[in-house]
Amino acid sequence: MVRVRSLQEAYQMLKEDDPDTRVTVHLLRRLVADGTIPSIRAGRRIMLNYDTLIEYLSASYKADAQEEPESDTIRPVSVLVK
């Protein structure tokens, strides 16, 4: 069953799942405006699939956790000398 929620409802559900979340309604609006999270407009109300939102947030977290800093490599740095 697809859980389609308004931005405010999705935010409230996130807060219930994780009271210390740093996700805000503003961030949700930006993700929708960028097209990162697919959405549906019903009049002035913006609706999104809550499960898609959770998948996106989980995938972003996993990608950040997998990145390791490059320690033994030298990278070129462009320097402008006058």
## Note on the structure
Note on the range 1-54: residues β-branched (V, I, T) and in contact with a Ser or Thr (Cβ under 8 Å, 6 or more places away or on another chain) are V32, I37, I46
### Message
Restricting to the range 1-25, and then to whatever is in contact with a Phe, Trp or Tyr (Cβ under 8 Å, 6 or more places away or on another chain) and part of a loop (DSSP other than H, G, I, E, B), can you tell me which residue is surrounded by the fewest Cβ atoms within 10 Å (Cβ to Cβ)?
### Response
T24
### Task
Evaluate the range 34-49: report whether one residue or more is part of a helix (DSSP H, G or I), modelled with pLDDT under 95 and open to solvent by 80 Å² or more (accessible area, probe 1.4 Å).
yes
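The values are calculated or read from the model by the stated rules, or taken from the named source; none is laboratory data. All figures in this text were calculated on a predicted structure; none of them were measured in a lab. Ideal geometry is used to build each Cβ from the backbone, glycine not excepted, and the neighbour counts take in all protein chains shown. Remember, those area values only see protein heavy atoms, side chains included, never the ligands or the DNA or RNA. Shrake-Rupley method; radii C 1.70, N 1.55, O 1.52, S 1.80 Å.
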